[in-house]
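To start, the structure itself, in structure tokens.
The values are calculated or read from the model by the stated rules, or taken from the named source; none is laboratory data. Computed from a predicted model, the values in this text were never measured in an experiment. Methodologically, a virtual Cβ is constructed for each residue, glycine included, from the backbone with ideal geometry; neighbour enumeration extends over all protein chains shown.
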Amino acid sequence: MSRIATTFSQLQEKGRKALIPYVTAGFPFADITPALMHGMVEAGADVIELGVPFSDPMADGPVIQKAGEKALSLGIGTAQVLEMVRQFRQRNQTTPVVLMGYANPVERYDQIHGAGAFVRDAAAAGVDGVLVVDYPPEECEDFAAALRAHDMDLIFLLAPTSTEERMQQVARVASGYVYYVSLKGVTGSGALDTAAVEAMLPTIRKHVHIPVGVGFGIRDAATAQAIGKVADAVVIGSRIIQLIEDQPHEKVVAVTVDFLRGVRKALDA
């Protein structure tokens, strides 16, 4: 059983919803990420999504694009991200870490280090799941199997435009949880329609029998609470990036902790 499956199982027993914050690795400072991850856990995060910086992040809005560009300018690539996870694991062996990113860095890593190197090294670093935005389910059954062999999960996005056939395809290869993109558009865009999310979830659950997290457009404790009533997990990314982008080094963790504590409190209310 993966760390992600264990975490969701424990939350379900307690009747709690998962809080999954996202941050771009190496942003806003190259050395801040492990401390930021520990702060997120302290504030009540159940799973951490760590963005792997990439130059052409098609699913991400301007906030996360800018964060990725900053991290790249600081020399953060896949190898550095794995090192951050290794550092985090020195003190935390229980909180799942999911790498979120794109096919190019994964495949480039294997080109440089040899076939299968990404899966091997991610597992060794302590990664629990991988979400590759531009990997369609019908083309990555081998990748999913390789991850599962190392107790890692392959996580997929579903969108308001996903057909039931697409949901079935995702259900065949996904593990850990699926990530429902709550609106049409990129990260951080639009106003969240909680009624539309609530209406879509029964259709997803008809085909997908693992937890469903919802993200894109969740910006505060109130929207997190509303989504938490219908989903198994709440994912927050762009809002955290906005809160920390102009903070001095010594305030980044504290600002994040303060924000997430409010969200955790609302989710548990």
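Scanning the range 102-115 for residues that are out of contact with any helix residue (DSSP H, G or I) (no Cβ under 8 Å at 6 or more places or on another chain) and touching a residue at least 12 places away in the same chain (Cβ under 8 Å) yields TYR102, ALA103, ASN104. Checking the stated criteria, ALA233 turns out not to satisfy the condition of being closer than 19 Å to LYS17 by Cα and in contact with a helix residue (DSSP H, G or I) (Cβ under 6 Å, 6 or more places away or on another chain). In the range 57-80, the residues that are over 17 Å from ALA103 (Cα atoms) form Cβ pairs under 7 Å with partners that are of a type in the set (Phe, Trp, Tyr), at six or more places apart or across chains, as follows: ALA67/PHE27; LYS70/PHE27; ALA71/PHE27. Which members of the range 139-149 meet the condition of being at pLDDT 95 or above and under 19 Å from the mean Cα position of the chain (by Cα)? Across the range 139-149, the qualifying residues are PHE143, ALA144, LEU147, ARG148. Across the range 120-138, the qualifying residues are those that are in contact (Cβ under 8 Å) with a residue 40 or more places away in the chain and closer than 17 Å to THR7 by Cα, and the one among them that is farthest from the chain's Cα centre (by Cα) is GLY126. Taken together, ASP46, ASP60, ASP56 contain a single residue that is modelled with pLDDT under 95 and surrounded by 17 or more Cβ atoms within 10 Å (Cβ to Cβ), which is ASP60.
Restricted to the range 63-89, and to residues that are assigned to a loop (DSSP other than H, G, I, E, B) and in contact with a Gly (Cβ under 7 Å, 6 or more places away or on another chain), which residue is surrounded by the fewest Cβ atoms within 10 Å (Cβ to Cβ)? Ranking the candidates gives LEU74 first.
Are any of the residues in the range 167-181 more than 16 Å from ARG239 (Cβ to Cβ), among the charged types (D, E, K, R) and either in a loop (DSSP other than H, G, I, E, B) or free of Cβ contacts under 8 Å to residues at least 12 places away in the same chain (or both)? Spell out how you get there, then give the answer.
Step one: of the range 167-181, the residues more than 16 Å from ARG239 (Cβ to Cβ) are 167-180.
Now narrow it down to the ones that are among the charged types (D, E, K, R): 172.
Right, trim to either in a loop (DSSP other than H, G, I, E, B) or free of Cβ contacts under 8 Å to residues at least 12 places away in the same chain (or both) and you get none.
There is no residue in the range 167-181 that is more than 16 Å from ARG239 (Cβ to Cβ), among the charged types (D, E, K, R) and either in a loop (DSSP other than H, G, I, E, B) or free of Cβ contacts under 8 Å to residues at least 12 places away in the same chain (or both).
Could you tell me whether any residue of the range 148-164 is assigned to a helix (DSSP H, G or I) and hydrophobic (A, V, I, L, M, F, W, C)? Yes, the conditions are met somewhere in the range 148-164.
Within the range 221-254, the set of residues being in contact with a Leu (Cβ under 9 Å, 6 or more places away or on another chain) and under 14 Å from THR33 (Cα atoms) comprises ILE240, ILE244, VAL252, VAL253.
Would you mind finding the one in GLN247, GLN242, GLN169 that is more than 20 Å from the chain's Cα centre (by Cα) and within 19 Å of PRO62 (Cα to Cα)?
On the way: GLN242 fails: more than 20 Å from the chain's Cα centre (by Cα); GLN169 fails: within 19 Å of PRO62 (Cα to Cα).
Criteria check complete, one pass: GLN247.
What residue, among those in the range 4-20 that are farther than 12 Å from THR95 by Cα and touching a Leu at 6+ places or on another chain (Cβ under 9 Å), is surrounded by the fewest Cβ atoms within 10 Å (Cβ to Cβ)? Only one residue fits best here, namely ARG16. Applying the criterion of being more than 25 Å from ILE4 (Cβ to Cβ), assigned to a loop (DSSP other than H, G, I, E, B) and not charged (D, E, K, R) to the residues of the range 187-223, the residue that is modelled with the highest pLDDT is ALA191.
Annotation note: of ILE241, ILE236, ILE227, the sole residue that is in contact with a strand residue (DSSP E or B) (Cβ under 7 Å, 6 or more places away or on another chain) and over 26 Å from GLY15 (Cβ atoms) is ILE241.
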